Amino acid sequence: MAKPMDKYKWHELNVGCVIEEVGNASEYKTGDWRSQKPVWSDSKCIKCGVCWLFCPDAAIYRTEDELYRTNLNYCKGCGICARECKPAAITMVEDER
Amino acid sequence: MKAIKGVEVSIAASVAAKLAKVEVIAAYPITPQTHIVEHLADLVADGELDAVYINVESEHSAMSACCGSSAAGARTFTSTSAQGMELMHEILFIASGMRLPIVMASVNRALSAPLSIWGDHSDVMAARDTGWIMLFCENGQEVVDAIIMAFKIAEDKRVFLPLMVNLDGFSLSHVIEPIDFPSQEEVDAFLPPYDPIYTLHPDKPVTMGAYAMPELYTEAKYAQEMAIRNSKVVVKEVMEEYGKKFGRHYNIVETYNIDKADVIFVALGSVGENIKTAIDSLKDQGKEAGLVQLRLFRPFPAEEILAAVKGVKNIAVIERVMPAGAPNGPLFQEISTVVHMSGAEVSMTNYIVGLGGRDVLPEDFEDIYNDIVSGKNSELQDEKNFTVIGVRA
Ligand code: SF4
Ligand code: SF4
């Protein structure tokens with residue numbers, strides 16, 4: 001959005017609240033909801049990519065050295081990645097912010 | 001002279017949709033709407049109407065498909081009744097919130113239980129605040145004209161809202177009436193193709209129906225409220241243009257014999273014709289009653305109603321729905337809100353008639369008139385706020 005959503009007046013909205021800039025969900029940082037975060041044990045990781053596949057927020061990305069990490073702007077701390085990782089390479093730890 | 005044809009009103013409604021060149025129809029058959037969608041299916045199957053007819057497994061899907069096709073930029077039509085409208089209920093809000101100019105012929109029918117396939121206004125009154133513009137028709141000709149006007153109103157860039165054309169189940173939908181159909185050329189000249197602002201198209205992707213945080217929902221709903229409120233001007237303009245082009249003139253609020261009336265009836269739909277018959281008969285007996293009939297129900301034409309009932313002593317609001325524990329029927333509550341907030345001192349009474357297809361006769365309205373003028377209705381009102389006509393005690 002061109003400006004923060006609490007700055008819009010009713011008549012400035014598009015008809016039917018249509019959003020013309022696609023892909024702007026990235027501006028909405030869902031990571032604020034998190035109380036836990038995943039931590040990777042790279043030695044246990046077999047690089048299967050299951051965590052990447054299962055993350056409901058598509059917050060997991062692959063680094064240049066083919067390791068897996070989460071983008072904390074979007075990680076909600078749901079723990080699905082840790083649960084699905086068969087070699088238990090992911091531990092959920094309290095996120096102190 | 002023009003050819004006036006005797007046609008079943010349901011068939012006439014589907015011919016009107018064809019004249020409006022609808023591009024997508026998604027509907028599930030339900031009595032008493034069935035003949036409308038069956039005939040449209042025939043027209044599409046026979047190649048007489050170049051449209052997509054989507055067979056769906058329920059009204060929930062019908063309205064969902066309508067939202068999709070309207071969002072994709074197609075002129076979209078559907079039709080429903082009673083339980084079907086209830087099954088659509090959730091999606092009715094989505095159509096209006098997304099500002100999709102879908103047109104629906106709503107063939108009004110009683111709601112279950114007990115199961116009834118017959119006409120009353122239980123369905124539309126349960127959906128009255130879904131954000132749809134609502135027109136009510138008194139006869140078959142009005143149904144045809146309203147469906148053609150409906151697209152022009154709904155698709156106006158100042159409006160962009162879905163619109164329901166209400167017609168009474170059986171007492172309108174299944175009767176044969178003389179209908180004057182405009183020609184395709186005349187309709188084409190009146191109704192240009194649908195020109196959407198946004199469409200679902202990969203060349204210019206947009207997001208529709210997105211999530212709104214508490215910071216934005218109020219503004220979004222207010223924008224929708226202003227759109228439906230301001231649509232009254234467009235409804236009037238379109239009715240005026242239609243009258244000039246086709247010779248049939250409509251007003252959002254119609255009046256009949258109101259000037260000297262002691263009692264003014266206020267009503268919706270086909271019952272208006274019986275009230276007019278009663279008014280004529282009362283006139284022959286030297287008694288003066290009038291009728292205020294709402295062609296437009298949403299947005300509520302408050303100013304026009306006030307102007308019509310100005311100075312009258314008695315208003316009798318006639319409606320075809322059981323108020324279900326409310327102090328009065330929905331139409332009464334709305335009329336009394338605008339009348340009493342204007343400061344007018346007027347006696348108002350509420351009559352429930354014609355539930356689940358019960359006959360309503362002109363004599364019933366003569367009785368109502370006589371009761372009001374003789375003061376008898378005030379006795380009835382000690383017991384309850386509204387009076388149910390014909391209930392066996
Ligand atoms: S699921 Fe576990 S093992 Fe597989 S890539 Fe993710 S962290 Fe590594
Ligand atoms: S905790 Fe949930 S949101 Fe965060 S990376 Fe794992 S799966 Fe994704």
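Accessible area per residue for the range B:86-243 in Å², computed with a 1.4 Å probe and the full protein assembly in place, what is it?
Spelled out: the 1.4 Å probe surface of the range B:86-243, per residue, equals 38 Å².
What FRET efficiency do you get for B:Lys245 and A:Ala58 if R0 is 41 Å and r is their Cβ-Cβ distance, rounded to the nearest 0.05?
That pair, B:Lys245 with A:Ala58, gives E of 0.15.
Using a 1.4 Å probe on the heavy atoms of the protein chains only, list every residue of the range B:211-234 that has 20 Å² or more less accessible area in the complete assembly than in its chain alone.
Output list: B:Tyr211, B:Met213, B:Glu215, B:Leu216, B:Glu219, B:Ala220, B:Tyr222, B:Ala223, B:Met226.
Taking amide hydrogens as modeled 1.01 Å from N in the peptide plane, which residues meet the under 5 Å criterion relative to B:Gly209, leaving out close sequence neighbours?
Residues meeting the amide H criterion: none.
Can you tally the net charge around B:Gly354? Count Lys and Arg as +1, Asp and Glu as -1, for every other residue whose Cβ sits under 13 Å from the Cβ of B:Gly354.
So the environment of B:Gly354 carries a net charge of -3.
Do the alpha carbons of any pairs in A:Lys29/B:Lys204; A:Lys9/A:Lys37; B:Lys232/B:Lys287; A:Lys9/B:Lys152 sit beyond 31 Å of each other, and which pairs?
Distance filter (> 31 Å) returns A:Lys9/A:Lys37; B:Lys232/B:Lys287.
Project the alpha carbons of the range A:1-75 onto their principal axes and report the range along each, largest first, in whole Å.
56, 24, 19
Zone of B:Asp180 (label point 7 Å along Cα→Cβ, backbone N under 11 Å): which residues in the range B:246-263?
Zone members listed by number: B:246-249.
Rounded, prolate or oblate: which one fits the range B:134-184, using the alpha carbon gyration tensor with axes a ≥ b ≥ c (rounded when a/c is under 1.5, else prolate when a/b beats b/c, else oblate)?
In terms of gyration-tensor shape, oblate.
So which residues in the range A:9-25 end up with at least 20 square angstrom less accessible surface once the other protein chains are there, compared with the chain by itself, probe 1.4 angstrom?
Residues losing area: A:Trp10, A:Leu13, A:Val15, A:Gly16, A:Cys17, A:Val18, A:Ile19, A:Glu20, A:Val22.
Can you tell me the Rg and the Dmax, both Å, for the Cα atoms in chain B?
That works out to 20.9, 70 Å for Rg and Dmax.
Taking a probe of 1.4 angstrom, what is the accessible area of A:Trp33 in Å², to the nearest 10?
So the heavy atoms of A:Trp33 present about 150 Å² to solvent.
What aspartates and glutamates could a cross-link reach from B:Lys310, if we take a straight Cα to Cα line under 18 Å and drop same-chain neighbours fewer than 8 places away?
B:Glu254, B:Asp259, B:Asp262, B:Glu288, B:Glu334, B:Glu345
Sticking with the crude label model, points 7 Å out along Cα→Cβ, report the distance from B:Ala3 to A:Val50 in nm, one decimal please.
7.3
Beyond 19 Å, what share of the Cα-Cα pairs of the range B:65-205 is found? Please give it as a whole percent.
Of all Cα-Cα distances in the range B:65-205, 53 percent exceed 19 Å.
Can you give the local net charge around B:Ile389? Use residues other than it whose beta-carbon is closer than 14 angstrom to its beta-carbon, Lys and Arg +1, Asp and Glu -1.
Combined, the nearby Lys, Arg, Asp and Glu give -3.
Once you average over the residues of B:196-207, how many Cβ atoms of partner chains fall within 10 Å of each Cβ?
Mean number of neighbouring Cβ atoms from other chains: 3.
For a Förster distance of 35 Å, can you work out the FRET efficiency between the beta-carbons of A:Asn14 and B:Val56, rounded to the nearest 0.05?
Here the calculated transfer efficiency is 0.75.
Please work out the C-alpha center-to-center distance from the range A:1-66 to the range B:1-30 and express it in whole Å.
What the calculation gives is 49 Å, centre to centre.
Net charge around B:Leu43, counting only other residues with Cβ within less than 14 Å of its Cβ (Lys, Arg = +1; Asp, Glu = -1)?
Around B:Leu43, the surrounding residues sum to -4.
For a label point 7 Å from the Cα of B:Leu115 along Cα→C-beta, name the residues of the range B:21-64 whose backbone N is under 15 Å from it.
Output list for this probe position: B:30-32.
Checking buried surface per residue: for the range B:60-105, which residues lose a minimum of 10 Å² accessible area in the protein assembly relative to the chain alone (1.4 Å probe)?
Buried on complex formation: B:Gly97, B:Met98, B:Arg99.
Using a Förster radius of 41 Å, what is the FRET efficiency between B:Val391 and B:Thr337 based on their Cβ-Cβ separation? Nearest 0.05, please.
It comes out at approximately 0.95.
Quick one: buried accessible area between A and B, total over both chains, 1.4 angstrom probe, nearest 100 Å²?
1700
Does the range B:203-323 classify as rounded, prolate or oblate by the C-alpha gyration tensor (a ≥ b ≥ c root eigenvalues; a/c under 1.5 gives rounded; else a/b over b/c gives prolate, otherwise oblate)?
prolate
Sort A:60-67, B:366-373, B:305-312, B:269-276 by packing, meaning the average of other beta carbons within 10 Å per residue, with the highest value first.
Final packing ranking: B:269-276, B:366-373, B:305-312, A:60-67.
Looking only at the protein assembly as shown, where both bridge partners belong to it, what percent of the DSSP beta bridges are antiparallel (to the nearest 5)?
Expressed as a percentage, antiparallel bridges in the protein assembly as shown total about 35.
Averaged per residue, what accessible surface does the range B:277-393 expose to a 1.4 Å probe, in Å²?
Per-residue value: 46 Å².
Going by the alpha-carbon gyration tensor, a ≥ b ≥ c the square roots of its eigenvalues, is the range B:2-123 rounded (a/c under 1.5) or, if a/c is not under 1.5, prolate (a/b greater than b/c) versus oblate?
Oblate is the answer for the range B:2-123, as a/c is 1.5 or above yet b/c matches or exceeds a/b.
Given the options B:Ile102, B:Ile147, B:Ile258, state which has the largest fluctuation in a GNM of chain B using a 10 Å cut-off (strictly under) for Cα springs.
For chain B, modelled as a Gaussian network with Cα springs under 10 Å, the answer is B:Ile258.
Carbon-plus-sulfur fraction of the accessible area of the protein assembly as shown, 1.4 Å probe, in percent?
Carbon-and-sulfur percentage of accessible area, whole number: 53.
The values are calculated or read from the model by the stated rules, or taken from the named source; none is laboratory data. Keep in mind that this is a model prediction, so the values were computed, not measured. Methodologically, a virtual Cβ is constructed for each residue, glycine included, from the backbone with ideal geometry; neighbour enumeration extends over all protein chains shown. For accessibility, only protein heavy atoms count, side chains too; no ligands or nucleic acids. Shrake-Rupley method; radii C 1.70, N 1.55, O 1.52, S 1.80 Å.
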